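Here's the structure we're looking at; comments come further down.
The values are calculated or read from the model by the stated rules, or taken from the named source; none is laboratory data. Just so you know, these numbers come straight off a predicted model, no measurement behind them. Counting neighbours? That spans all protein chains shown, and the Cβs are built from the backbone with ideal geometry, glycine included. Ligands, DNA and RNA are stripped out before the accessible areas are found, and what is left, the full protein with its side chains, is counted by its heavy atoms. Shrake-Rupley method; radii C 1.70, N 1.55, O 1.52, S 1.80 Å.
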Amino acid sequence: MQNKIIKKVIKKDKIKNWINELMKNYKVIAPVKEGDEDVFFRIIKSADDVCMDFQNTVLSPKEFFFPKSEKIFEFEGDEISDSGSKIGRKRILFGARPCDVHGLTILDNVYKGEFNDPYYLQRRENTTIISLACSEPDENCFCKSLGTGPVLCDADIIITDLGDRYFIEAKTDDVNLVNFDIIKEAAPGDVELKDIKQKESEDKITRAIELNKNLDDLHLEAESRKCLGCGCCTYICPTCTCFDVSDESMISKQKGKRFRCWDSCMFPSFALLAGGENTREEKSDRFKQRFYHKFKYYPEKYGKVMCVGCGRCTRKCPVNTDVVKIINYNKLDCNY
Amino acid sequence: MSDIEKNLRAEAKKLLEEKKVDYVIGYEESNGKVSPCFIDNAKDVEKLVFNPGCVHNLSVYLLEADAENKVGIVAKGCDSRAIIELIKQNQVIRDNVFILGISCDGVKDLLGKDYDKCKNCKYPVPLIYDVLLGEKKEGKEEDYSDVEEIESMSLEERKKFWNKQFEKCIKCHACRNICPLCYCEECALDDKNWVSKSHKFPEIWMSHLIRALHTAGRCVSCGECERACPVNIPLRKLYRKIGKDVKELFDYEAGVNAEDVPPLVAFDLDKDKEKIKQN
Ligand code: SF4
Ligand code: SF4
Ligand code: SF4
Ligand code: SF4
Ligand code: SF4
């Protein structure tokens, strides 16, 4: 059945009631403020904890699909048990920004198709996404130039801030999620206002990344000099997919568990081979890999870059490595 | 342009022209933010800046310099302590570094807020330098109220506090990699026989407590770990607790006096046993 879009509105002071309704049937993952200004996605226990007023979360919601670490199975001698993490109840990811929803579609390409990753896919299939369109992008956001924000994305439901109410666009499949008394039909004026708000948000985005650059012309070697080789940029990235598999075991009892956890191409151990050879020995080799993977290898395979312009890597790199500046580098500008 | 910046460029230019150093590690501005930079040619010294955005402790880059390299480095008060400690711990050869010391007025984050380390900075004037830029100034009194606040919590409260913090950790190792005193070539945190790669409790406590204990007698409180942490874990508080204990037990403050012997070297089991017990 072709999805028709249902258009509704909800008063801001009713958002909590809506989330409470959703919590009756779903596990809800939503933005929660911790400390003075940091917002993280958490499985919420109360709708009161949800924060709707944030630029973007510190970490992307990636970890709810591809956890920092997860058990694959336990073993004792030759016996294997308890394989795979279970996820139980259906989930709703509430309030994900458009760039981060696009981030998931980038992970999909890797975890679905050629190889199907059961752990990732069961979470993905079990989760309905309600995206919160951006109204205040910050100076590091460059989603517009990649078509990954600040509004449209492949979420099941998209909500847009109209001032005192939110505009809700839902696919018909998800009609049950918006069928409550507190959610009203949208008036023609609401639709107009939504378009205006979305346009305003787009206009606030000032950074743009250039596409189809020849990476061999960039200044990666020089840029890598200050890099500390931490994994920060890759771990906070909504599109980075790499993991390692490791064991925790009690050798004496031949007993333990195998799990997988995030890994980063910025670490020297990443390309270390048995026998001691390292195919990316130098820091600059590793630094280059990150850019070549995102802006050359991945696009060659899947037809789009492995970056959604969320700006997190630039915001958080402790030595101010700036992905836009690096990619937009023009070797004819000699003032470098 | 401030006088400090002007003099800094002139000094750097001289060093490079006279081939006293191979390169200078300093700060540059890029897209409205400050970044570490490396100046290899005298003609590039105009890039160098010094302003309240210059928060980075550049001495971490001394660890990457080759033994035969001579390096110029810009250092604030807190940064200079790391250099002293690195020299003491045989990681840096004194004659290989030329320290462009800056008497510091404090640095600020992107929102213009003072960093915690500057609010109670004891040593704004570098404790080691080859030239000093800026007027000498007084430091502030030692203030451990941040640590005392946590010390006053009950064991349960403390456990809850740090659990909530460590749960956020993504194990990116930015805290370790940015730390000038984390110079071990083989880090215990990378060895899965010591520390599991898992992010779960209790393994995540292991990584944090190992690193915390390893800062004993080394941490100079530059706060870079805390600044680098993408999820804002108050790491400096944790390591300052260790620093405070080391001070109380061994009367040692890392990176302050080149002559003081680090407690891990000076430790005398018979003599120091009693002290430890009492605490
Ligand atoms: S976050 Fe910055 S310093 Fe860390 S690995 Fe990435 S680019 Fe290098
Ligand atoms: S590369 Fe940087 S800007 Fe692009 S998606 Fe990853 S974190 Fe966001
Ligand atoms: S990158 Fe775009 S979609 Fe993401 S937070 Fe910024 S404005 Fe929103
Ligand atoms: S542990 Fe943190 S505060 Fe201490 S020296 Fe290292 S980076 Fe600086
Ligand atoms: S920088 Fe923060 S998140 Fe990264 S490993 Fe250190 S404590 Fe964990």
- prompt: Scanning for something more than 16 Å from ligand 3 (Cβ to nearest atom), within 14 Å of another protein chain (Cβ to nearest Cβ) and open to solvent by less than 20 Å² (accessible area, probe 1.4 Å), does region A:289-305 turn up at least one residue?
  reply: yes
task: Run B:Ser221 past the list (1) open to solvent by less than 20 Å² (accessible area, probe 1.4 Å); (2) in contact (Cβ under 8 Å) with a residue 24 or more places away in the chain; (3) not in a helix (DSSP H, G or I) and report the number of the one that doesn't hold.
output: (1)
field: Yes/no for A:Asn126 being more than 16 Å from ligand 4 (Cβ to nearest atom), within 14 Å of chain B (Cβ to nearest Cβ), closer than 29 Å to A:Ile43 by Cα and of a type in the set (S, T, N, Q)
entry: no
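Out of A:Ile168, A:Ile196, A:Ile183, I need the residue that is aliphatic (A, V, I, L, M), in the same structural domain as A:Pro98 (by TED's automatic domain parsing) and open to solvent by 70 Å² or more (accessible area, probe 1.4 Å). Which one?
A:Ile196
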query: Mind checking whether some residue in region B:54-63 is open to solvent by 20 Å² or more (accessible area, probe 1.4 Å) and under 21 Å from B:Lys14 (Cβ atoms)?
result: no
- line: Exactly one of B:Val60, B:Val92, B:Val49 is modelled with pLDDT of 95 or more, assigned by TED's automatic domain parsing to the domain that holds B:Ala10, assigned to a loop (DSSP other than H, G, I, E, B) and over 18 Å from B:Leu133 (Cα atoms), and that residue is B:Val92
task: Please indicate, with yes or no, whether at least one residue in region A:218-227 is out of contact with any Leu (no Cβ under 6 Å at 6 or more places or on another chain), small (Gly, Ala, Ser) and assigned by TED's automatic domain parsing to the domain that holds A:Tyr329.
output: yes
message: Can you find a residue that is away from chain B (no Cβ under 11 Å), under 24 Å from A:Thr148 (Cα atoms), more than 16 Å from ligand 5 (Cβ to nearest atom) and open to solvent by less than 10 Å² (accessible area, probe 1.4 Å) anywhere in region A:232-250?
response: yes
message: Any residue that is within 16 Å of ligand 1 (Cβ to nearest atom), part of a helix (DSSP H, G or I) and farther than 29 Å from B:Val107 by Cα - is there at least one of those in region B:255-263?
response: no
task: Output the number of residues of region B:172-199 satisfying the condition of being facing chain A (nearest Cβ under 7 Å), charged (D, E, K, R) and touching a helix residue (DSSP H, G or I) at 6+ places or on another chain (Cβ under 9 Å).
output: 2
task: Could you check how many residues of region A:251-274 are assigned to a strand (DSSP E or B) and either closer than 20 Å to A:Ile326 by Cβ or away from ligand 5 (no atom under 16 Å from the Cβ) (or both)?
output: 7
message: I'd like to verify a number: residues in region B:205-218 that are of a type outside the set (Val, Ile, Thr), buried (at least 22 other Cβ atoms within 10 Å of the Cβ) and more than 14 Å from chain A (Cβ to nearest Cβ), how many?
response: 2
- request: Report those strands (runs of 3 or more DSSP E) wholly inside region A:4-110 carrying at least 2 residues which are open to solvent by 20 Å² or more (accessible area, probe 1.4 Å).
  value: A:5-11, A:27-34, A:38-43, A:69-76, A:79-81
Residue in region B:108-128 that is farther than 30 Å from B:Val261 by Cβ, assigned to a loop (DSSP other than H, G, I, E, B) and among the charged types (D, E, K, R) present: yes
